[in-house]
1. Once you compute Rg and the Kirkwood Rh from C-alpha atoms, what is the Rg to Rh ratio for the chain?
2. Let me have the 222 nm mean residue ellipticity of the chain computed from DSSP H runs of 4+ only, each contributing -39500 (n - 2.57), with the sum over all residues rounded to the nearest 500.
3. Please give the net charge around Val83, taking every other residue with its beta carbon less than 12 angstrom from that of Val83, where Lys and Arg add +1 and Asp and Glu add -1.
4. Given a 1.4 Å probe and every protein chain left where it sits, what share in percent of the accessible area of the chain is carbon and sulfur?
5. Leaving out ligands and nucleic acids, note down the accessible area per residue over the chain with a 1.4 angstrom probe, in whole Å².
6. Check which residues have an amide H placed less than 5 Å from Val94's amide H, if you skip close sequence neighbours.
7. Size of the dipole of the chain about the Cα centre, Lys and Arg at +1 and Asp and Glu at -1 on the beta carbon, nothing else charged, in debye to 20?
8. Of Val26, Gly77, Gly47, whose Cα points farthest to the positive end of the dipole of the chain (charges on the beta-carbon: +1 Lys, Arg; -1 Asp, Glu; origin at the Cα centre)?
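The values are calculated or read from the model by the stated rules, or taken from the named source; none is laboratory data. Just so it is clear, the model here is predicted, and its values are computed rather than measured. Cβ coordinates were reconstructed from backbone atoms using ideal geometry, including for glycine residues, and neighbour counts include every protein chain displayed. SASA here: full protein model, heavy atoms, side chains in, ligands and nucleic acids out. Shrake-Rupley method; radii C 1.70, N 1.55, O 1.52, S 1.80 Å.
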Amino acid sequence: MNPVGWSDITLAIIAGGRATRLGGRVKALLRLGPKSILDRLNALLPGSDRLLVTNDSRPFEGQWPGTIAGDVEAGFGAPGGVVTALLHARTPWVFVVAGDMPFVTMKE
């Protein structure tokens with residue numbers, strides 16, 4: 001169990017790629033079984049604050065329950081997304097995960 005409590009953590013998913021390698025399909029929205037990668041990641045920290053960092057929010061509208069933030073400085077890739085997540089987080093702790101990692105789990 002997390003000692004600080006789930007409400008003290010922002011779950012920040014970095015999903016800001018240009019989707020060039022999959023013919024324009026957004027990796028975080030790909031389905032693996034009944035759930036998308038985004039759904040799987042969203043389930044990691046129940047009760048935590050939610051933040052999605054992306055350079056294009058359109059594919060995620062209506063599919064994300066939290067805040068969507070664009071990069072504070074474009075062109076810096078994933079490291080720039082992490083900076084954006086840290087600047088937009090409303091909690092003292094931030095758990096950052098890439099939007100193309102479907103098998104991340106939380107173990108006690």
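1. Answer for the chain: 0.95.
2. Working: 2 runs with 18 residues, N = 108.
Calculated at 222 nm, the ellipticity per residue is -4500 deg cm²/dmol.
3. Values: positive: none; negative: Asp71, Glu73.
Cβ neighbours under 12 Å give a net charge of -2.
4. Working: 3680 of 6580 Å².
Here it works out to 56 percent.
5. Numbers: 6580 Å² over 108 residues.
Dividing the accessible area of the chain by its residue count gives 61 Å².
6. Thr10
7. On the way: 11 positive and 9 negative charges, 86 e Å.
Computed charge dipole of the chain: roughly 420 debye.
8. The Cα lying farthest towards the positive end belongs to Val26.
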